[in-house]
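Q: Just passing along the structure, written as structure tokens.
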Amino acid sequence: MSNVSTLQTRPNIEHWQERVDLAASFRWTVKLNYHEAVANHFSLAVNEDGTQFLMNPNQMHFSRIKASDLLFLDANDPDTLSQPNSPDPTAWGLHGSIHRHVKHARCVMHVHSVFATVLASLADSNLPPIDQNTAIFYNRYVIDENFGGLAFEEEGERCAASLSDPSKKVMIMGNHGVLVLGDDAADTFNRLYYFERAAETYIRALQTGQKLRVLSDEIAEKTAREIEEYPGQAQAHLSELKAILDSEGSDYAS
């Protein structure tokens, strides 16, 4: 029997491959225990200027999200929250603001994963380069130290204003969690995965009470650049995750 690609099975839904990749990211977020009940949101821009985007439905658990479930939203539509099947207001406030103002934020993933949130809860939320994974983020994140409550419109606009530098692809959201930007679902999920691993390494190192061996600025920057230029890792990562989901009979791509 010949294999039929996912893209061919649902030609009537626009942006199908983007939907499949984002749905796979939701499912793996659950497997890694980065999710939080029916909270947290991922979004993916699908037009040139980034203002039209896909996002998870309101109050739907990540473990059940399918490609066909994803909402198609327009960041410039002021009537979005009054329409049927409208998104979570905090998701609209945060992701809508970012897609409206931050053109390089093609994909946005926000979670309250354990170690990233622990890092965000420290008085000093910096992530020093103490190994290869932490070095990935050397000089490539911003720290938001002005948490203002749930991310409704005003809070979302404030956060978006801190993401103007395209080189800063992670926001450590003080007292809140982490927000990761990327070029597509694969790039963003890969960065989210490695940020949580990096945060875990750092937090566990702190727990030893021993002095940290911190990389020099030169080596940390060199390592970060080498990983950025390493070919195809993010795409291969997501491709393998989708292959595993397919082998398990998951319905994410439906």
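The values are calculated or read from the model by the stated rules, or taken from the named source; none is laboratory data. Just so it is clear, the structure is predicted and the values come from calculations on it, not from any experiment. Neighbour counts are summed over all protein chains in view; Cβ atoms, including those assigned to glycine, are modelled from backbone coordinates with ideal geometry.
Q: In this structure, is residue 123 in contact (Cβ under 8 Å) with a residue 24 or more places away in the chain, surrounded by fewer than 17 Cβ atoms within 10 Å (Cβ to Cβ), aliphatic (A, V, I, L, M) and out of contact with any helix residue (DSSP H, G or I) (no Cβ under 7 Å at 6 or more places or on another chain)?
A: Numbers: in contact (Cβ under 8 Å) with a residue 24 or more places away in the chain: no; surrounded by fewer than 17 Cβ atoms within 10 Å (Cβ to Cβ): yes; aliphatic (A, V, I, L, M): yes; out of contact with any helix residue (DSSP H, G or I) (no Cβ under 7 Å at 6 or more places or on another chain): yes.
No; evaluated as a whole, the condition is false for this residue.
Q: Here's something else I'd like to know. Is there any pair linking a residue in the range 226-254 that is closer than 25 Å to residue 132 by Cβ to one that is assigned to a loop (DSSP other than H, G, I, E, B), with Cβ under 6 Å and at least six apart or on different chains, and which?
A: These pairs meet every condition: 227/136.
Q: I'd like to know if the range 28-47 contains one or more residues that are under 19 Å from residue 242 (Cβ atoms) and modelled with pLDDT under 95.
A: No, the conditions are met nowhere in the range 28-47.
Conditions tested, residue by residue: (1) touching an Asp or Glu at 6+ places or on another chain (Cβ under 7 Å); (2) at pLDDT 95 or above; (3) over 16 Å from residue 102 (Cβ atoms); (4) in a loop (DSSP other than H, G, I, E, B).
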{"residue": "165", "(1), (2), (3), (4)": "no, yes, no, yes"}
{"residue": "186", "(1), (2), (3), (4)": "yes, yes, yes, no"}
{"residue": "191", "(1), (2), (3), (4)": "no, yes, no, no"}
{"residue": "197", "(1), (2), (3), (4)": "no, yes, yes, no"}
{"residue": "203", "(1), (2), (3), (4)": "no, yes, yes, no"}
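Q: Next up: Among residues belonging to the range 192-238 that are of a type in the set (Asp, Glu) and within 22 Å of the chain's Cα centre (by Cα), point out the one that is surrounded by the fewest Cβ atoms within 10 Å (Cβ to Cβ). Lay out the reasoning, then the answer.
A: Looking only at the range 192-238, we keep the residues that are of a type in the set (Asp, Glu), and these are 196, 200, 217-218, 221, 226, 228-229.
With the extra rule that they be within 22 Å of the chain's Cα centre (by Cα), the set shrinks to 196, 200, 226, 228-229.
Numbers: 196: 23, 200: 17, 226: 12, 228: 12, 229: 7.
Among those residues, the one meeting the criterion is 229.
Q: Could you list, in sequence order, the residues of the range 83-106 that are in a loop (DSSP other than H, G, I, E, B) and buried (at least 19 other Cβ atoms within 10 Å of the Cβ)?
A: Taking the range 83-106 and keeping what is in a loop (DSSP other than H, G, I, E, B), we get 83-88, 102-106.
The answer is 87, 88, 102, 105, 106.
Q: Within the range 201-214, can one find any residue that is touching a Ser or Thr at 6+ places or on another chain (Cβ under 9 Å) and among the polar types (S, T, N, Q)?
A: yes
Q: Still on this structure: Let me confirm something: among 116, 45, 120, which residue is among the aliphatic types (A, V, I, L, M) and more than 17 Å from residue 188 (Cα to Cα)?
A: On the way: 116 fails: more than 17 Å from residue 188 (Cα to Cα); 45 fails: more than 17 Å from residue 188 (Cα to Cα).
Answer to the check: 120.
Q: Scan 127, 119 and give me the residue that is part of a loop (DSSP other than H, G, I, E, B), modelled with pLDDT of 95 or more and among the hydrophobic types (A, V, I, L, M, F, W, C).
A: Numbers: 119 fails: part of a loop (DSSP other than H, G, I, E, B).
Only one candidate passes the filter, namely 127.
Q: On the basis of being of a type outside the set (A, V, I, L, M) and at positive phi, does residue 59 make the cut?
A: Values: of a type outside the set (A, V, I, L, M): yes; at positive phi: yes.
Considered against the rule, which asks whether it is of a type outside the set (A, V, I, L, M) and at positive phi, residue 59 comes out as yes.
Q: What are the residues in the range 39-67 that are in contact (Cβ under 8 Å) with a residue 24 or more places away in the chain, touching an Asp or Glu at 6+ places or on another chain (Cβ under 8 Å), part of a loop (DSSP other than H, G, I, E, B) and of a type in the set (A, V, I, L, M, F, W, C), if any?
A: 46, the sole residue that qualifies.
Q: Name the residue, out of 109, 171, that is under 16 Å from the mean Cα position of the chain (by Cα), crowded, with 22+ Cβ neighbours inside 10 Å and without any contact (Cβ under 8 Å) to a residue 40 or more places away in the chain. Even if it seems obvious, please write down each step before you answer.
A: Working: 109 fails: without any contact (Cβ under 8 Å) to a residue 40 or more places away in the chain.
Answer to the selection: 171.
Q: Report, by residue number, each residue of the range 15-32 that is under 14 Å from the mean Cα position of the chain (by Cα) and either at positive phi or outside any helix (DSSP H, G or I) (or both).
A: 32, the sole residue that qualifies.
Q: In addition: Need pairs with beta-carbon distance below 8 Å; first residue within 22 Å of residue 23 (Cβ to Cβ) and touching a residue at least 24 places away in the same chain (Cβ under 8 Å) and within the range 70-86, second of a type in the set (A, V, I, L, M) and assigned to a loop (DSSP other than H, G, I, E, B); sequence gap 6+ or separate chains.
A: Going by the 8 Å Cβ cut-off, the qualifying pairs are 72/46.
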